[in-house]
Amino acid sequence: MSPTYTLGVATDIPIPGRAQRLGPLLFSATLLLSAFLLFAVQPLFARMALPLLGGSPGVWNTALLFFQGLLLAAYAAVHGLAARLGPRRQVGLHLVALLLPVLVLPIALPLGAVPPAEHDPTLWLLGLMATAVGLPYFAVACSSPLLQRWFASSGHPAAGDPYFLFAASNLGSLAGLLAYPLLVEPRWSLEAQARGWTLGYGLLVMLLLCCAAWTLGWGHGRPSAAGPASAATPDADAGPAGPALAPPLSRRLWWAALAALPSSLMIGATTAISTDLASFPLLWLPPLGLYLLSFVLVFARRRLLPARLVARTLPMVALPLAVALALGANQPVGVLLALHLLFLFVAALACHGRLADDRPAPRHLTAFYLWISLGGVLGGLCNVLLAPQFFRSIAEYPIALVLACLLGLPPPADPPALAPRRALFDLLLPSMLTAAVAALLLAPQARSSAVYPVLGSLVFPLAGLVAFGFSRRRLRFSLAMAGILLVGQPYTQRLGSLLYAERSFYGVSRVRLSPDGSQRLLFHGSSLHGAQSTRPAARPEPLTYYARTGPLGWLFQALEPRLAGQAVGAVGLGAGAIACYAEPGQTWTFFELDPTVARIARDPRYFSFLAACAPEARLVLGDARLTLGRAAEAGFGLLVLDAYSSDAIPLHLITREALDLYLAKLRPDGLLAFHISNRHLDLEPVLGRLAQSAGLQALVAEDLDPAESALEAGAYPAIYLVMAREEAALKPLRGDPRWRPARADGPLWTDDFASVLGALRR
């Protein structure tokens, strides 16, 4: 009887056919569950941490970087483990590593976790995640490469090309990511989610025990000589006999580069979408989902999308996105969102496809995954840690866009005799195109023309068509795109001269002068957060959503006698326009999360609301849920909630627990006023339901079509909702027909349960 082999160790155990068939299924199911848990815990823990940091997209991007870093550490550990230990010790050590995290489960935030208020909280958040979720995530992350290593060395007939298990792993990742917003978050509280994750972890341990039994006991056939057993996995380093040689450093760096660019693009697209298009947590998931799907498709046993088709599609989606970025477009949101996501998906397919085509023999599987993971971490580091230090805008995103086309497209097959001449044209033609576009759009006479915006909408698409003609030459095409994006930077000044810009953990804040020079505007992402007239005045006038002709003005006018001599609080500072409603004898306190916004609002070169209207106002930095907790009980006669991250109200500020906190800080006859103007979420029924649950009265006023005179004076459409314990407190508003009872048909949001799906505007 011929001997069988277990990870290269000869045994005399016969090979049951059922065991051979069971092996790939068992390993695929275990890998799928392992990846599902990895990517279900990411939104779960980010959702737990969001309330501490104002719901910023920076929380999600920092979480991605943390999890990429732990994944790299896990792959490095497995790579070293596989090189130094035999199969039995590998199994034993990994099972011990899986049992250790039981000590810290279920997942929860550490007690007393408080982020720093005065400086960037990125390092603090990384430390928080390491403490709360680092150990279980690391243990699960080790499972994927280790299981694939066990199977690749098993001698099973399918072990010659084990990379189908990588596709199964990424399919589990995608399932975990999609299940969270669609199935998990709308149905279960955070506590229930953490318990469910713990149960899934227990199931994973049991499946891993089965895989270990299969690996060490009876599940294998005779190992292949070396390298892939199929022509589907070519490897230039594999000889006809004997083990494959170790891939050279240049090849490993190539793997890292091909992995780094999609990672950077994924985080860059998330930031750009959240900053310039719309900002609510659901939009943080599609980029990561498409990124994972690209791995599934290119590492599948049969590739559904041929590399040639992906290469021809990449320029078709890259150029419209480059033109949109050059134009500074943020409408229509649906079309632009689709364009960002489509480019990310195609670029990831192109880069990951080239990565899959260059995968090594199974002997070097763990090294391959290690370098892929290293590339992912480097891409994340560039976006999360380095870019905010060097760029005032999301500049890393267009840079990654250009580089993805450069590396994702195949190189041209130039005859040696023509290569130098074509290389010269690869540099010359894009330079000529860039110079022509700059001459048309950046000349003083063009910028002073009334049709300047129209001119740009014609020139950039035309330049894109010319650049598309270069798409069979990847260097020529990439440089042409870089030129279009480069000219787009000064062109976007048509939106108004940029007076100041600063990028922080919480987003990008910009101060612009309006095109006609009549106003200074504060933008956070793509959303306007305040404006002030440039005309000299002893006391500036509130504009936009805070105008005296809108709901906030109606509120203060009606409450003026009641608020005499009382304390007023405002959550969210913006440009400080609310301070214009301050009256002598009142004490005002502003609670602001972002130190950058606070610096801008207090700088009289940009805005003078605070200095002119409420010079004695107190400014408290930090998340409102934390800083309000330290305020005096029953102190405020009015509390205005006006906190936004770009266009989104942080969800943790409109939960039942948050409402209880606000009520504790209000006088018995005090009022709560919520600014709920929003492009994407209908928050009236959510807040109405909160008021109903607490036995409060709630009225809403909306001015969605301001009078022509108000618009000319700088007013914007706005919606405000007011709550009070006592009917008498709302009496000044009841007689005004502009105020009506709030709808209360929404779900009850709590810290443990809040889903934006039901609040999306239809």
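Annotations
- Conditions (1) within 30 Å of Arg510 (Cα to Cα); (2) of a type outside the set (Lys, Arg); (3) under 29 Å from the mean Cα position of the chain (by Cα); number of the one not met by Phe368: (1)
- Qualifying residue in the stretch 59-78 (condition: in contact with a Leu (Cβ under 6 Å, 6 or more places away or on another chain), surrounded by fewer than 22 Cβ atoms within 10 Å (Cβ to Cβ), modelled with pLDDT under 85 and assigned to a helix (DSSP H, G or I)): no
- Leading residue by the ranking (modelled with the highest pLDDT) among those in the stretch 407-418 that are under 17 Å from Arg472 (Cα atoms) and surrounded by fewer than 12 Cβ atoms within 10 Å (Cβ to Cβ): Pro411
- For the stretch 93-115, taking the residues that are exposed (fewer than 14 other Cβ atoms within 10 Å of the Cβ) and either free of Cβ contacts under 8 Å to residues at least 40 places away in the same chain or touching a Ser or Thr at 6+ places or on another chain (Cβ under 6 Å) (or both), the one that is nearest to Arg149 (Cα to Cα) is identified as Val96.
- In the stretch 608-636, the residues that are within 20 Å of Asp660 (Cβ to Cβ) reach residues that are assigned to a loop (DSSP other than H, G, I, E, B) and modelled with pLDDT under 90 with C-beta atoms within less than 7 angstrom, at least six apart or across chains, in these pairs: Gly622/Ala117; Gly622/Leu593; Asp623/Leu53; Asp623/Gly54; Asp623/Leu593; Ala624/Ala643; Leu626/Val114.
- Hits in the stretch 126-149 - residues which are surrounded by fewer than 19 Cβ atoms within 10 Å (Cβ to Cβ) and either more than 16 Å from Thr198 (Cα to Cα) or outside the structural domain of Ala77 (by TED's automatic domain parsing) (or both): Leu126, Gly127, Ala130, Thr131
- Any chance Gly464 is within 30 Å of Leu409 (Cα to Cα) and at pLDDT below 85: no
- Conditions (1) surrounded by 22 or more Cβ atoms within 10 Å (Cβ to Cβ); (2) over 22 Å from Tyr545 (Cβ atoms); (3) among the small types (Gly, Ala, Ser): number failed by Gly635: (1)
- Residues that are part of a loop (DSSP other than H, G, I, E, B), over 18 Å from Ala260 (Cα atoms) and either under 21 Å from the mean Cα position of the chain (by Cα) or among the hydroxyl-bearing types (Ser, Thr, Tyr) (or both) occur at least once in the stretch 332-342.
- Leu199 being assigned to a helix (DSSP H, G or I) and either over 30 Å from Leu99 (Cα atoms) or modelled with pLDDT under 70 (or both): no
- Pro181 being assigned to a helix (DSSP H, G or I), touching a residue at least 12 places away in the same chain (Cβ under 8 Å) and buried (at least 24 other Cβ atoms within 10 Å of the Cβ): no
- All positions within the stretch 147-174 that are charged (D, E, K, R) and either modelled with pLDDT under 75 or part of a loop (DSSP other than H, G, I, E, B) (or both): Asp161
- Any hit, the stretch 507-521, residues being of a type outside the set (Val, Ile, Thr), in contact with a Lys or Arg (Cβ under 9 Å, 6 or more places away or on another chain) and part of a helix (DSSP H, G or I): no
- Residue pairs whose Cβ atoms lie under 7 Å apart, sitting 6 or more positions apart in sequence or on different chains, and linking a residue in the stretch 281-292 that is farther than 15 Å from Ala63 by Cβ and assigned by TED's automatic domain parsing to the domain that holds Phe343 to a partner that is assigned to a helix (DSSP H, G or I) and modelled with pLDDT of 85 or more, are Pro286/Leu341; Leu290/Leu341; Leu290/Leu344; Leu290/Phe345; Leu290/Ala348.
- Among the residues making up the stretch 733-754, a single one is touching a strand residue (DSSP E or B) at 6+ places or on another chain (Cβ under 6 Å) and either without any contact (Cβ under 8 Å) to a residue 12 or more places away in the chain or under 16 Å from Leu681 (Cα atoms) (or both): Ala742.
- When Leu433, Leu441 are screened for being part of a helix (DSSP H, G or I), at pLDDT below 90 and surrounded by 16 or more Cβ atoms within 10 Å (Cβ to Cβ), only Leu441 passes.
- Subset of the stretch 494-524 (residues that are closer than 27 Å to Ala467 by Cβ, under 27 Å from the mean Cα position of the chain (by Cα) and in contact (Cβ under 8 Å) with a residue 24 or more places away in the chain): Leu495
- Selection status of Tyr506, at pLDDT 95 or above and either of a type in the set (Phe, Trp, Tyr) or not assigned by TED's automatic domain parsing to the domain that holds Gln389 (or both): no
- Residues that are surrounded by fewer than 18 Cβ atoms within 10 Å (Cβ to Cβ) and in a loop (DSSP other than H, G, I, E, B), drawn from the stretch 343-372: Asp358
- Boolean, Arg187 is under 26 Å from Ser755 (Cβ atoms) and in a loop (DSSP other than H, G, I, E, B): yes
The values are calculated or read from the model by the stated rules, or taken from the named source; none is laboratory data. It should be emphasised that the depicted structure is a prediction, and the values quoted were computed from it without experimental measurement. All Cβ positions, even for glycine, are placed from backbone atoms using ideal geometry, and neighbour counts span all protein chains on display.
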